[in-house]
Amino acid sequence: MNLLTRCRGRHFCISMAVSLLVSLSGCQSLRAENLADSRSSALDRQGSPQFMRQHDSFGNQHFNPMFDAGAWHGFLLPGDNDSGGAFTGPMIIAEEYPVYLARQLEQLEIVAGNKKYAFADAVSEHQAFPGRLQQHYHWPDLTLQLELIFISGRSALIRTHIENLTGKEKQLTLTWQGALLKKWNTQQTLTERYSDWSPQWEQDNNGLSITLPEVRDTWNLMLSGASRYVIQRSVKSHSEMHQDTYKSTASITLKGKSSARIYTTQTYIHNEQEWQQEQPVIKQSFRHPETLWLANRKRWHHYLSSGIAQHQITTVTDQVALKAIETLIGNWRSSAGHITRDVVTPSVTARWFNGAWAWDSWKHAVAMASFAPAVARNNILAMFDYQVQADDGIRPQDSGMIIDAIFYNKDRQRGDDGGNWNERNTKPPLASWAVWEVYQASADKDLITDLYPKLVAYHQWWYKNRDHNQNGLAEYGATAHPLHNDGQGNIIFDLQPAANTQLARHAEQQCEIIKEDWYRCSGMTFYESVLVSGEYKQLDIGAQHGAGWESGMDNAARFGFITSEQLKKYADKHYSGNLKTARQDWQVRFFENHASNGQLLGFSINQESVELNAYLAMEKALLAKMARLLGRDEEAADWEAGAGRLAQRVNQCFFDAQSGFYYDRQIDSADDNSGDCDGRLLITRGKGPEGWAPLWAGIAGKNQARKVVQNMLAVDEFNTLIPLGTASQTNPAYHPDIYWRGRVWLDQWYFGVMALKHYGYTQQAGALASALLEHAQGLKGNAAIRENYNPETGAMQGATNFSWSAAHLLMLHHQLKHQPE
């Protein structure tokens, strides 16, 4: 019986439109122990991989393996008839990249005398539950049940239950067998891809061990040569290995009407130190397996009762919330490599996303505070473990900054060979929001005590390193970094000049040719001359990418990103086809930020960003609350006053009364710090979600909020099939398939829906929530939660199993309540 059928009363027929937001009255809640064990997973866990890398068009591994407890490997249920008797995979995270190791690595065969129990002849059922996979096979005289859970961040435990249904004794021979995948993808075998690929197999007690070879392919696969996959069983078995395959055999006797349980651990470790640390866990699993089984069930009971059951919701909303919790827990990785604590990564199945990003982590922590507070807390602390210090050997000028992304491996600048570690920028200042929300959920004052001074240092960094004219309004930018500037601190950029122009001749003289028609150039003076000339086809500026990343909105229109086709249309509409003038309208410029001693601190783009300053105003108010909590009343008063002043300036300097929206403001003079609103609003670059950030932060005036809401709800602006995309339809750079120029991201969608609620537009918030639930493909079914969605069709886009989408769905579920009519 599902939760919906247990509801009674007048709310029974509540519309799905509001059901995402509500808690129903009059429903009987399920007991926690039943909730975890009887409720099916909200995700499709089936699949039988064919290749190590089995990507879709967005770079995601096919299927949705179950990961849990911070593990770095995960499993599937069989996706075809040939994989019965095994949990398929595993998928492992090879330091930074998800790859399938096998189609199935431990497939069971049962033989009694001359009789083989064929899985095709059995009545079978495969089920996925939150935190547990299960297979059941029934023959006339025998049943087999296989169940898998995780008992640690390194080991899974499989329970094999065999029951003799007859009154006669049975002598059973059990054989487990498996093979590693031999193909890298559809085009290459593993040995074609990596000529030295040669895993080493060894018998290991009552099991086997596979040592994976060293591979240091920075952008595809990273293995140290010490990583191992180990299978051990509670029953005595003998293993034989032949190249990439093995067989392990054991014998058991089952008396009539009796049963037996066998326990198996599957462990994935990165190095010998992890193996030594994991051995007590494995030994405990064989001494007291049911104790660990119960611990796993209790943990999941807690997740679901804390995250879902207390809200007594309808089936559809229950499924969405359950899927969100399963997604967040599935992306939990325990400490490994340079990741010092538990983190929640953006996506276990997406190629690039098995690390931790700053503002992703803040969002994940807020959502998980109610049901997994320890993981939420560690996710925050893991990022602060790399807060830049004044004595840092590489970037002491960035003291206080939280770097953008941390991974298993650091980058080459830090002496390692990782490619995803990123110190080129930070992320928007939402750390204090996350810390305060976790405190609100856990009453963990020690977290505030520990992080308050670090949050203050991070807040102050923005004004030291990203407020070029020191007028109290910050800009996004980029750090001093080899991909942004040369050794003398000059900005670097790649240029493709138009052929046979004066600029092309200057580029030949002043720049380094890097490929046909492309030059690497340096220096702010030459960069400015390039923009003035307009005689170029393309520019690629590292600092521009860094600034986009720092905003979290990567390639948003307001940072100068627009396709050549769109720019031509813009030129035809506004400048009679003059492409040079149109390009100058869109191209961003940069300021070099220097310390008083002349040291390069980094770069700011020449525009003050509305949501950055709205976030900073909100952060000042939150720091005031923390200071009050810690008894620092004088500091609290200063923060409160600063929050008020900045909120006032955001409303004065970033709002356009005519169009009724907030925009970034372009600044032209590096010397002006009068406190006035100088420069021009970037209205021509169109509307984006930055325009409702002041509403989410709670600093917009009521009249300003009313006009912004009108834009949000207008069908020719943001109110598409799935509303609140990352660019309005009137934005010159809008396209429903471009990352941050049209697609619907659920963080910005959530900020928008909550902004409506903050200003009293509850009914409209419900309607926008309804549109998402109804039209986002796969959200109501068992497909993975996606990174973003097409605003016009609802098509799933980007990464699968995406954490911050899951986080904001869960936040909304927790925060918005239905008001009965």
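The values are calculated or read from the model by the stated rules, or taken from the named source; none is laboratory data. Computed from a prediction, not measured in an experiment: that's the story for all the values here. Because the Cβ atoms are built from the backbone with ideal geometry, glycine has one as well, and the counts that use them run over all protein chains shown.
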Select from the range 371-398 the residues that are buried (at least 22 other Cβ atoms within 10 Å of the Cβ) and small (Gly, Ala, Ser) and write down the one among them that is nearest to the chain's Cα centre (by Cα). Ala376
Please go through the range 501-517 and give me each residue that is closer than 21 Å to Lys580 by Cα and buried (at least 17 other Cβ atoms within 10 Å of the Cβ), ordered by number. Leu503, Ala504, His506, Ala507
What about Leu172, is it among the hydrophobic types (A, V, I, L, M, F, W, C), over 32 Å from the mean Cα position of the chain (by Cα) and surrounded by fewer than 21 Cβ atoms within 10 Å (Cβ to Cβ)? yes
Taking the range 726-785 only, how many residues are in contact with a Gly (Cβ under 8 Å, 6 or more places away or on another chain) and without any contact (Cβ under 8 Å) to a residue 24 or more places away in the chain? 1
Tell me which residues, restricted to the range 93-130, are among the aromatic types (Phe, Trp, Tyr) and buried (at least 21 other Cβ atoms within 10 Å of the Cβ). Tyr97, Tyr100, Phe119
Members of the range 476-513 found to be among the aliphatic types (A, V, I, L, M), within 34 Å of the chain's Cα centre (by Cα) and in a strand (DSSP E or B), listed by number: Ala478, Ile491, Ile492, Leu495
When you scan the range 563-585, do you find a residue that is of a type outside the set (Ser, Thr, Tyr), surrounded by fewer than 19 Cβ atoms within 10 Å (Cβ to Cβ) and under 30 Å from Asp398 (Cα atoms), even just one? no
Any chance the range 157-168 includes a residue that's surrounded by 16 or more Cβ atoms within 10 Å (Cβ to Cβ) and at positive phi? no
One residue from Tyr519, Tyr570, Tyr575 being within 27 Å of Asn425 (Cβ to Cβ) and either touching a helix residue (DSSP H, G or I) at 6+ places or on another chain (Cβ under 8 Å) or basic (Lys, Arg) (or both): Tyr519
Within the group Leu208, Leu174, Leu165, Leu157, which residue is assigned by TED's automatic domain parsing to the domain that holds Gln279, closer than 20 Å to Arg45 by Cα, out of contact with any Lys or Arg (no Cβ under 6 Å at 6 or more places or on another chain) and aliphatic (A, V, I, L, M)? Leu157
Is it true that some residue in the range 410-432 is in a loop (DSSP other than H, G, I, E, B), surrounded by fewer than 22 Cβ atoms within 10 Å (Cβ to Cβ), hydroxyl-bearing (Ser, Thr, Tyr) and at pLDDT 95 or above? no
Kindly indicate which of Leu616, Leu630 is touching a residue at least 40 places away in the same chain (Cβ under 8 Å) and under 32 Å from the mean Cα position of the chain (by Cα). Leu616
Which of the following residues is surrounded by fewer than 19 Cβ atoms within 10 Å (Cβ to Cβ), under 23 Å from Ser234 (Cα atoms) and hydroxyl-bearing (Ser, Thr, Tyr): Thr211, Thr189? Thr211
With respect to Arg333, is the statement that it is among the basic types (Lys, Arg), more than 27 Å from Leu773 (Cβ to Cβ) and buried (at least 21 other Cβ atoms within 10 Å of the Cβ) true? yes
Scanning the range 221-245 for residues that are more than 29 Å from the chain's Cα centre (by Cα) and in a loop (DSSP other than H, G, I, E, B), which turns out surrounded by the most Cβ atoms within 10 Å (Cβ to Cβ)? Ser237
